[in-house]
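*Asks:* I am attaching a structure below and will ask some questions about it afterwards.
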Amino acid sequence: MLLWVPFVFYSYTIVINSWVTKKRICILNQCYLCGKEFNDTDVKKHDEHIIQQSIGGNLTQNDILCSKCGGKLGKEIDEPFSKIFDGIATRLDIKKDRKGSKQSSSTKGKYVNLKYKLLSLNWTKEYQNMNLLDFQYQFNQFCNEIGEIDVIWKNFKVYPVKPFHKYVENNKKVIVYGNQKNTKKYKRKVESEITNKFKDEEKPEIVICDDIEGVVEYPFNMNNQAFKKGLAKIAIGFASKYGIKRENLPLVLDIENNLIRDKIPTIQFYPLGIIDRLIEIQKNEFDHYPFHNLILFTLDYNPNIGKGKKVLICYIELFSTFQWYVILNEEYYGESIYEYYAQNILKKDDYIIKLGRRYYKERNIWLQPLGITEEYIDKKYNSREDKSKSRWDIEEELIQEETIKQKYKLDFDSYLYNIISGISQQVLIFKDKEKFKDLKTSLTEFLNKDNLINEYNQSLNSFEDFINFKQNLDLFFSQKYNEQYDDYDEIFSINSFRKFFYANGLKNYYTALLEKYYILNKSSALRTYGYQKMNMLNHYIQMENIKHKTQQNLAPNR
Ligand SMILES: [Zn+2]
């Protein structure tokens, strides 16, 4: 649904669409790092995860890196990069390896004094409400005098690294904090302490607490260089997938020395456009949160001066939280591009495929849409580790693998269409607040969210603000005359997303963020924004873990 009939800026949308060429995938047949052409002997193709598998990445490409360089970058770049996200990936229960070691992963954090936390919480009201019961229960029952302690997250439970105990309720109870394993020995120590301290009839009851999930802070071990090199590797992989030659990635790739550069030009994303701002403030309430998203695009210089010169940029969003532009080339003369990929992160139930007798007949119906070629099956078959496997087994495995990948893939066009239309609806309601106040529909739900209404108030207070909103909306929606029906069709186009916005005229993010960097940084707007996104993710993970516990009956042992 379109809120306003487009007027003056209508032509822009058309122009933007025409800049973008159709999907073109050209196969380079060479490794982007060493530049060697692939063969079957010494330069073998490597199955590369464009977004690191350790953070749940599912996009693979098998003709952009050779196995030697793939292995090298895995060690030098992926390993330190993955370490940064370890706490997040573990708590989100991302399956690190599909073939999977059964070993359960754990991560370290700090249990923070709750009293202090309760007083200082300043995220949304909803956040406080949702957690308050849990806080109070834990606060009263267990943790009222626990200071900051080191904890371990494992299998959805949080327990202290070193067990300890505390007397409560006038010595009627003693609580031992720890997990099943490390409390066994410790419990005996407490028992003997009780025997020495108390008479038989006054002995307190021992209670084991093996889960102190409440407000736990997980250190985010940001390593700036490892982080940026990891981003660069994602960007290079994604650009190579779309046929961008290694010579065309000079700001991130040193092709004389076959290296990814140490200094990577990046710009942190900050929502300058109103629609982007309204998306980001409530992103965790939309479906598919958190997801990974990549957008490769070009930006034209002024055609009079630039003569076809473009900037080549990759926008990377990880966990819907870390949002960065990687600048790949500031003097790019290739065709215009806008290519994107998005995927869900949370583990989907595994899907076991058993190909029946009919499969042989339907073989192509399976293989084609999954993009599995005979050549690829042969390659996998010839390089199989388990020699007892038949070509048939390998084929079945590939179908299984690709089907899972498809399940993770997010239809980003529809996703954006839905949330941007949703936001226009919200704006309509917001404009007519009074009229909708008493209605209890899902559309008006958002009127009860003070933080959102505040945001809308700030962003849409004046008539100019509404015009500005409409202009931003027009970047996505346009109308095209349909001769047959003598009417206009509405056209939705994603191609301005994270590229353009309106604020006193059409702006591009690249230039605007560079120009505003000083102000945004000095006013600590960038830091605050990053902190808010991180809070949003942590809050989400905590809620998911509680949900998991309820479902699995893993409630704290009290
Ligand atoms: Zn190579």
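*Asks:* So, of the residues in region 488-532 that are modelled with pLDDT of 90 or more and charged (D, E, K, R), which turns out to be surrounded by the fewest Cβ atoms within 10 Å (Cβ to Cβ)?
*Replies:* Only one residue fits best here, namely 515.
*Asks:* Among 335, 330, 362, which is the only one that is surrounded by 15 or more Cβ atoms within 10 Å (Cβ to Cβ) and among the acidic types (Asp, Glu)?
*Replies:* Of 335, 330, 362, the one residue that is surrounded by 15 or more Cβ atoms within 10 Å (Cβ to Cβ) and among the acidic types (Asp, Glu) is 330.
*Asks:* Does residue 436 satisfy being modelled with pLDDT of 90 or more, of a type in the set (Phe, Trp, Tyr) and surrounded by 14 or more Cβ atoms within 10 Å (Cβ to Cβ)?
*Replies:* no
*Asks:* Go through the residues of region 410-418 one by one and say whether even a single one is within 21 Å of residue 51 (Cα to Cα) and surrounded by fewer than 16 Cβ atoms within 10 Å (Cβ to Cβ).
*Replies:* Yes: one or more hits.
*Asks:* Now a separate question. Just the residues that are over 20 Å from the mean Cα position of the chain (by Cα), surrounded by 20 or more Cβ atoms within 10 Å (Cβ to Cβ) and of a type in the set (S, T, N, Q), please, taken from region 26-54.
*Replies:* Of everything in region 26-54, nothing turns out to be over 20 Å from the mean Cα position of the chain (by Cα), surrounded by 20 or more Cβ atoms within 10 Å (Cβ to Cβ) and of a type in the set (S, T, N, Q).
*Asks:* Say whether the condition of being without any contact (Cβ under 8 Å) to a residue 12 or more places away in the chain and either of a type in the set (Gly, Ala, Ser) or under 30 Å from residue 50 (Cα atoms) (or both) is met by at least one residue in region 461-472.
*Replies:* yes
*Asks:* Can you tell me which residue within region 70-89, out of those that are surrounded by fewer than 22 Cβ atoms within 10 Å (Cβ to Cβ) and among the β-branched types (Val, Ile, Thr), is farthest from the ligand (Cβ to nearest atom)?
*Replies:* Out of the qualifying residues, it is 84.
*Asks:* Taking into account only those residues within region 55-69 that are surrounded by fewer than 21 Cβ atoms within 10 Å (Cβ to Cβ) and outside any loop (DSSP other than H, G, I, E, B), which is farthest from the ligand (Cβ to nearest atom)?
*Replies:* Among them, the one singled out is 60.
The values are calculated or read from the model by the stated rules, or taken from the named source; none is laboratory data. Fair warning: this is a prediction, and the values are worked out from it, not measured in the lab. Using ideal geometry, Cβ is built from the backbone for each residue, glycine included, and neighbour counts are taken over all protein chains shown.
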